[in-house]
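The values are calculated or read from the model by the stated rules, or taken from the named source; none is laboratory data. Treat the numbers as computed from the prediction; the structure is a model and nothing was measured. Virtual Cβ from ideal backbone geometry, glycine too; neighbours counted across all protein chains shown. In case anyone asks, the SASA skips ligands and DNA or RNA and just uses the protein heavy atoms, side chains included. Shrake-Rupley method; radii C 1.70, N 1.55, O 1.52, S 1.80 Å.
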Amino acid sequence: MTHATLTLEDGPELSGEIVDTGGDYIRIRTTTEMTQDQLAQYAEGLIEIGGKMQKVMLESAIPLPDDEEVIELTMRRFTPSA
């Protein structure tokens, strides 16, 4: 899996492993003490993957059923990758 670091606008920095990517979306799993509601307060951020930064919009934050400290984040890229 590929590592990514997400810096939320006016918020925390989260790092995790990429689960899936597509033309305009990225999903990562990260371990955090933040709740789903706390993460929902953030709308945008920058994600760094392999040394490249992309602006993203946070679409959802869903805790994994078997480990509530692991959250799967789904983000939309502002500029889809080719």
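Look at the range 36-58 and say how many of its residues are open to solvent by 70 Å² or more (accessible area, probe 1.4 Å) and closer than 14 Å to L73 by Cα.
7
Got a sec? Which of G11, G51, G16, G22 is touching a Phe, Trp or Tyr at 6+ places or on another chain (Cβ under 9 Å), without any contact (Cβ under 8 Å) to a residue 60 or more places away in the chain and small (G, A, S)?
After applying the criteria, what remains is G11.
Search the range 1-14 for residues being part of a strand (DSSP E or B) and open to solvent by 60 Å² or more (accessible area, probe 1.4 Å), and hand back the single one that is farthest from L39 (Cα to Cα).
Checked the range 1-14; the qualifying residue farthest from L39 (Cα to Cα) is H3.
Going through the range 64-82 one residue at a time, which ones are part of a strand (DSSP E or B), farther than 14 Å from I18 by Cα and open to solvent by 40 Å² or more (accessible area, probe 1.4 Å)?
D67, E68, E69
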